[in-house]
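Enquirer: This is the structure I want to talk about, given as structure tokens.
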Amino acid sequence: MHNLVWLIPTLPLAGFIFLGLLGKKLKNEKMIGAIGSATVGLAFVIAFLIFLELLSNPIDKPYIITLFTWISAGNFSLPIAYQVDQLSILYTLIITGVGFLIHVYSIGYMHGDRGFFRFFTYLNLFIFMMLNLVLASTFLLTFLGWEGVGLSSYLLIGFWYDRKFEGVRITWTGHAANKAFIMNRIGDFGFLIAMFLIFVQFNTLEYQELHSILSANPYFYQSAPLIIAITLLLFLAATGKSAQIPLAVWLPDAMAGPTPVSALIHAATMVTAGIFLVARNSLLFSLAPSTMMVIAIIGALTAFYAATIGTVQNGIKKVLAYSTVSQLGFMFAALGVGAYTAAVFHVMTHAFFKGLLFLGAGSVMHGMHDEENIKKMGGLKKYMPETYKTFYVASLAIAGIPFFSGFFSKDEILWLTFSNGSVVLWLILALSALMTAFYMFRLVNLVFHGSERFDHKHIHPHESPKTMTIPLIILAVLSAIGGFLGIPYALGFWFSHHPNFLEHFLEPIFKDANMILGFGGHHLAATEYILMIVSVGIALLGIWLAYKWYYYDQKWTSPRKIADSIKPIHKILWNKYFIDEIYFRAIVDPIITSSRSFFWKFVDLKIIDGIVNGLATITLELGERIRKIQTGFAQTYAIYMIAGAIVLLTWIIFSF
């Protein structure tokens with residue numbers, strides 16, 4: 001069955017080509033939506049069958065399915081080939097499974113939009129590129145998908161290009177798309193340089209060949225300067241795609257796109273590409289402990305940075321956007337301490353509950369006529385019961401309440417950060433988890449509970465159609481029970497010898513990396529149970545504070561008093577630490593100023609245009625002077641000929 005892996009990306013590609021060429025002529029939303037959704041749904045079915053094959057016949061080495069030779073130059077040859085293993089298939093299931101639900105949801109959400117066919121065309125293109133990214137057997141094919149999802153996200157973020165959008169120096173959705181595209185290019189530069197260094201050092205760009213070279217003599221490469229440089233450059237690429245400090249500022253503004261875009265790209269797939277890149281090269285990163293320390297620190301700081309900002313946001317999608325940045329920080333912190341399986345596990349659970357949260361937010365906006373300000377909502381529970389219930393389940397999951405999916409994955413990250421990392425990292429992540437529970441239930445209370453604060457004359461809240469609510473229900477079920485695929489050893493020990501299905505499934509992928517790091521085996525520790533209780537207590541404390549301030553006290557006097565008492569801190573959080581302003585002052589404005597005053601007005605106008613215009617002027621002047629020779633009189637031409645003959649004869653006589 002694994003030989004059919006090429007069909008998985010081919011189906012969305014076929015949907016992209018068909019809808020791109022004929023979508024405008026179809027003029028039937030249901031048919032367009034069905035075609036776009038079916039291609040992704042069929043890809044999921046094939047991926048699931050391959051997953052079952054891997055379960056029944058476990059493999060230690062991946063299947064490499066070569067389609068054709070892509071590049072051939074001298075002794076160098078690089079194929080278009082797909083790598084079928086546990087990691088790539090797990091990511092493929094997430095991309096196609098959640099992607100299919102979002103496609104179905106989009107049929108209802110985008111109903112009546114003048115760019116309906118174009119939207120599904122871009123969605124299919126994105127899925128195709130993302131599948132190439134995770135299924136690739138080479139760095140270069142991954143880079144093709146990497147750049148492809150960057151292009152697709154640009155098209156989808158700026159889909160409503162004629163709509164206004166509020167942000168720092170951003171007024172239109174197109175500006176937000178530009179910001180995302182440019183910030184990602186910075187990270188992509190790191191990816192390119194890393195590939196050059198890998199090829200120069202190892203003479204290959206294939207994952208399996210590189211893994212074989214490193215595993216043959218790992219201690220020779222451990223902490224080598226070149227390995228550190230390569231891993232840092234790859235991590236720079238990951239910070240761009242996965243919105244980590246210092247390239248985290250693009251993702252919140254990416255909310256300018258339609259809500260299904262936020263759910264697909266910025267919750268379930270594209271932003272987890274950075275985690276995939278590190279996980280795919282786990283052995284390489286394990287040989288660079290200093291890089292892993294950097295990853296852990298950056299991840300923890302990003303989690304805290306975004307969580308603090310999320311506590312004061314009033315846009316329903318902005319809260320979720322900063323929540324995404326924060327959760328990605330958790331994943332990178334896990335990668336940094338060598339908890340690769342825990343990071344990938346959180347990728348999966350995050351796809352469930354964050355995809356659900358974004359789609360739930362879209363359902364709220366759909367029923368509220370595109371209103372995003374949560375302070376202008378309230379009391380929507382009775383108008384949107386299905387949206388409320390599913391949104392509540394997702395909030396419990398992200399907060400880490402037992403036994404929802406987020407509880408298992410987040411608790412695993414916190415425990416492994418404490419045991420493999422440091423108390424300081426654990427404390428930062430624990431505080432981030434507290435704020436996560438707080439801002440999520442602040443959001444729940446302000447949107448669904450309390451008094452109705454919207455204009456009843458112009459806004460009439462209503463539940464979304466079935467095409468939107470059915471995906472919500474499916475994702476709610478996955479958010480509730482999905483965590484049982486990765487029950488931690490401390491809990492599962494009492495029920496089975498191999499309780500953690502996901503860890504056992506991914507073991508061949510991270511086996512060599514874990515050996516280098518010295519991880520192996522399990523043991524029961526009282527500390528783990530204590531920390532588990534503490535993490536649940538932290539989540540409950542955050543929820544209790546949110547209910548205390550935003551449910552019972554509808555006038556919000558307590559939050560206002562707190563905000564007034566820490567006004568400088570609140571101002572910093574409200575302005576998102578002024579990171580955008582700093583970037584504009586330190587980088588963007590100087591570049592624009594120098595471009596206008598020096599490169600445009602001096603280099604372009606005076607030097608380049610001066611040279612071009614000067615040559616034209618000289619040519620004209622020379623032509624004017626030479627033109628006077630052409631008098632039109634035969635006598636004058638005869639004199640010129642005689643003079644020329646005399647000059648030639650004189651030169652011949654005196655040259656001998």
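Enquirer: Can you pull out every residue in region 155-164 that is surrounded by fewer than 22 Cβ atoms within 10 Å (Cβ to Cβ) and either charged (D, E, K, R) or part of a helix (DSSP H, G or I) (or both)?
Expert: Leu155, Asp162, Arg163, Lys164
Enquirer: Out of Ser558, Ser535, which single residue is polar (S, T, N, Q) and at pLDDT 85 or above?
Expert: That would be Ser535, the only listed residue that is polar (S, T, N, Q) and at pLDDT 85 or above.
Enquirer: Please find, among Ala248, Ala267, the residue that is touching a residue at least 60 places away in the same chain (Cβ under 8 Å), buried (at least 24 other Cβ atoms within 10 Å of the Cβ) and part of a helix (DSSP H, G or I).
Expert: Unique residue meeting the criteria: Ala267.
Enquirer: Looking at Phe120, Phe143, Phe126, which one is of a type in the set (A, V, I, L, M, F, W, C), in contact with a helix residue (DSSP H, G or I) (Cβ under 8 Å, 6 or more places away or on another chain), open to solvent by 10 Å² or more (accessible area, probe 1.4 Å) and more than 22 Å from Glu507 (Cβ to Cβ)?
Expert: Step by step, each of Phe120, Phe143, Phe126 is checked, and only Phe143 is of a type in the set (A, V, I, L, M, F, W, C), in contact with a helix residue (DSSP H, G or I) (Cβ under 8 Å, 6 or more places away or on another chain), open to solvent by 10 Å² or more (accessible area, probe 1.4 Å) and more than 22 Å from Glu507 (Cβ to Cβ).
Enquirer: For a quick check of your reading of the model, give me the residue pairs whose first member lies in region 195-211 and is closer than 18 Å to Gly74 by Cβ, whose second is surrounded by 20 or more Cβ atoms within 10 Å (Cβ to Cβ) and not hydrophobic (A, V, I, L, M, F, W, C), with beta-carbon atoms closer than 8 Å and at least 6 apart or on different chains.
Expert: Here the result reads Leu205/Thr138; Glu206/Ser137; Glu206/Thr138, each pair linking region 195-211 to a residue that is surrounded by 20 or more Cβ atoms within 10 Å (Cβ to Cβ) and not hydrophobic (A, V, I, L, M, F, W, C).
Enquirer: While we're here: Have a look at Tyr383, Tyr392, Tyr388 and point out the one that is closer than 20 Å to Gly310 by Cβ and surrounded by fewer than 23 Cβ atoms within 10 Å (Cβ to Cβ).
Expert: After applying the criteria, what remains is Tyr392.
Enquirer: Look through Gly108, Gly23, Gly41 and report the one residue that is in a helix (DSSP H, G or I) and within 24 Å of the chain's Cα centre (by Cα).
Expert: Gly41
Enquirer: Show the residue pairs that are 6+ apart or on different chains and have beta-carbon atoms under 9 Å apart, the first residue being within region 132-151 and free of Cβ contacts under 8 Å to residues at least 12 places away in the same chain, the second being outside any helix (DSSP H, G or I).
Expert: Final answer for the pair search is none.
Enquirer: So how many residues does region 571-587 have that are free of Cβ contacts under 8 Å to residues at least 60 places away in the same chain, among the β-branched types (Val, Ile, Thr) and closer than 17 Å to Trp250 by Cα?
Expert: The number of residues fulfilling the criteria is 2.
Enquirer: Determine, yes or no, whether Trp160 is over 26 Å from Trp70 (Cα atoms) and within 23 Å of the chain's Cα centre (by Cα).
Expert: Yes, satisfied.
Enquirer: While we're here: Check region 393-403 and report whether any residue there is of a type in the set (Val, Ile, Thr) and modelled with pLDDT under 90.
Expert: no
Here's the yes/no breakdown for (1) surrounded by fewer than 22 Cβ atoms within 10 Å (Cβ to Cβ); (2) out of contact with any helix residue (DSSP H, G or I) (no Cβ under 8 Å at 6 or more places or on another chain); (3) at pLDDT below 90:
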{"residue": "Phe51", "(1), (2), (3)": "yes, no, no"}
{"residue": "Ile65", "(1), (2), (3)": "yes, no, no"}
{"residue": "Ala73", "(1), (2), (3)": "yes, yes, yes"}
{"residue": "Ser77", "(1), (2), (3)": "yes, yes, yes"}
{"residue": "Ile80", "(1), (2), (3)": "yes, no, no"}
{"residue": "Asp85", "(1), (2), (3)": "no, no, no"}
{"residue": "Tyr105", "(1), (2), (3)": "no, no, no"}
{"residue": "Gly115", "(1), (2), (3)": "yes, yes, yes"}
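Enquirer: Then there is this: Lys318 is checked against (1) buried (at least 24 other Cβ atoms within 10 Å of the Cβ); (2) assigned to a helix (DSSP H, G or I) and fails just one. What number does that condition carry?
Expert: Among (1) buried (at least 24 other Cβ atoms within 10 Å of the Cβ); (2) assigned to a helix (DSSP H, G or I), Lys318 violates only (1).
Enquirer: Going by what's in this entry, would Arg625 be described as of a type outside the set (Asp, Glu) and more than 30 Å from Ala303 (Cβ to Cβ)?
Expert: yes
Enquirer: State the number of residues belonging to region 222-245 that are surrounded by fewer than 24 Cβ atoms within 10 Å (Cβ to Cβ), touching a residue at least 60 places away in the same chain (Cβ under 8 Å) and under 14 Å from the mean Cα position of the chain (by Cα).
Expert: Result for region 222-245: 1.
Enquirer: Quick one: in region 163-174, which of the residues that are in contact with a helix residue (DSSP H, G or I) (Cβ under 8 Å, 6 or more places away or on another chain) and at pLDDT 80 or above is nearest to Gly150 (Cα to Cα)?
Expert: Only one residue fits best here, namely Thr173.
Enquirer: When residues of region 165-181 are filtered for being in a helix (DSSP H, G or I), open to solvent by 30 Å² or more (accessible area, probe 1.4 Å) and polar (S, T, N, Q), how many remain?
Expert: Selection size over region 165-181: 1.
The values are calculated or read from the model by the stated rules, or taken from the named source; none is laboratory data. Note that the structure is a prediction, hence the values are computed from the model and not measured. Virtual Cβ from ideal backbone geometry, glycine too; neighbours counted across all protein chains shown. To get the accessible areas, we keep the full protein, side chains included, count just its heavy atoms, and leave off ligands, DNA and RNA. Shrake-Rupley method; radii C 1.70, N 1.55, O 1.52, S 1.80 Å.
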